[in-house]
Amino acid sequence: MRVGWVAVMTVTVFAATGIGVNYWENGTLNAFYCLVSLFFSINLIICYWEACLFWRRDYIGERAEYWRKRQTETGRAPTAEFLASEVPLRKILSPTLWADTWATYSLYDSAYTDRRTYGFNVDIANGFFTAIPSLILYAAFTFEILPVLFVGILGIMLFWQWTYVSSVYWVSFFVAKRHEQLSRSEMYIYIWGANSVWVLSGLLGLYVSIRLIVDGNYSVLGH
């Protein structure tokens, strides 16, 4: 199976499960719930990749050099080649496999081969500290298993940090002048495109969380 399909299928299963259960429980398809469900599903797989960034931090530097040479030899984008590569099912949870996510991305942002940088450390923090709160919110949004006020406050805390952290990442990227090494298309895809998911989803989550508190119920999610 190709690496890219493993990632897409994992996110699809996580999101579809939540949306399906929510529809079964409430009989409605709510746009806010579907979007937040998709974001939680993306973040959960990214959390695992970010843990791999910590576990394989030395190996990533070696692989970055490999992908740099590979790009010179083939002229292909390392990220596209990695996502198109085949992986046996028995290795889909291998930290060594997913370390290449960061090795290829480091060709666009060298911060991911330097453990002293903001980007490197903030992504590790996201990986280890937001997975469980994400699962709690995902479950609460689906089953209403926690008091709505608690869920709203937790949501504001979590979604605000995603918006803030991702915005500061953009600032740090440009202040360090890393953009000068990239083409316009690379900027749009890997820097603006990839990171805008966390900023925009964070803003959406903030709105939902505030509505939970103000309304005092889960009606914003279609319940």
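The values are calculated or read from the model by the stated rules, or taken from the named source; none is laboratory data. Worth saying up front: this structure is predicted, and the values here are computed from it rather than measured. Backbone-built Cβ (ideal geometry, glycine too); neighbour counts: all protein chains shown. With ligands, DNA and RNA removed, areas are computed over all heavy atoms of the protein, side chains included. Shrake-Rupley method; radii C 1.70, N 1.55, O 1.52, S 1.80 Å.
Loop-resident chymotrypsin sites (Phe, Trp or Tyr not before Pro) (DSSP state other than H, G, I, E or B) in the range 162-223 with no more than 13 further Cβ atoms inside 10 Å of their Cβ are absent. The orientation-averaged projected area of the convex hull spanned by the Cα atoms of the range 87-223 comes to 10.3 nm². Per residue, the accessible area of the range 36-109 comes to 47 Å² when a 1.4 Å probe rolls over the protein heavy atoms.
Among the trypsin sites (Lys or Arg not before Pro) within the range 129-223, those in coil by DSSP and having at most 15 neighbouring Cβ atoms inside 10 Å are Lys177.
Spin-label pair Trp170-Leu89: with each label point 7 Å from Cα along the Cα-Cβ axis, the two points sit 4.1 nm from one another. A Förster distance of 45 Å, applied to the separation of the beta-carbon atoms of Tyr59 and Ala139, puts the FRET efficiency at 0.85. Amide H of Arg2: which non-local residues (sequence gap of 5 or more, or other chain) have their own amide H closer than 5 Å, using H built in the peptide plane? Close amide H contacts, sequence-distant or interchain: Val87. Here the relative contact order of the range 96-223, from alpha carbon pairs under 8 Å that lie six or more residues apart, stands at 31 percent.
Only protein atoms count toward the accessible area here, which uses a 1.4 Å probe; on the chain, the carbon and sulfur part of that area reaches 66 percent.
Work out which helices of the chain, taken as complete DSSP H runs, extend at least 20 Å along their axis over the Cα atoms and score a mean Kyte-Doolittle of 0.5 or more, then list them. Helices passing the filter in the chain: 3-26, 31-55, 148-175, 194-215. One chain, two ends: Trp24 and Ser219. Fully extended at 0.36 nm per residue, the span grows by 68.6 nm beyond their Cα-Cα distance. Using 0.36 nm per residue and subtracting the Cα-Cα separation, the extra length available between Met187 and Arg2 on full extension is 64.1 nm. Each residue of the range 76-86 was assigned a 3J(HN,Hα) from its phi angle through the Karplus curve 6.51 cos²θ - 1.76 cosθ + 1.60 (θ = phi - 60°); the sequence is 8, 5, x, 4, 5, 5, 5, 5, 8, 6, 8 Hz, with glycine and proline shown as x. Kindly state, to the nearest 0.05, the FRET efficiency for Thr72 paired with Ala16, given R0 = 35 Å and r defined as their beta-carbon distance. So the FRET efficiency works out to roughly 0.30. Fully extending the segment from Glu180 to Leu149, taken as 0.36 nm per residue of separation minus the present Cα-Cα distance, adds 6.6 nm.
Modelled this way, with points 7 Å down the Cα-to-C-beta line, the labels at Ile132 and Asp114 are 3.3 nm from one another. Averaged per residue, the range 175-214 has 60 square angstrom of accessible surface, using a 1.4 angstrom probe with ligands and nucleic acids left out.
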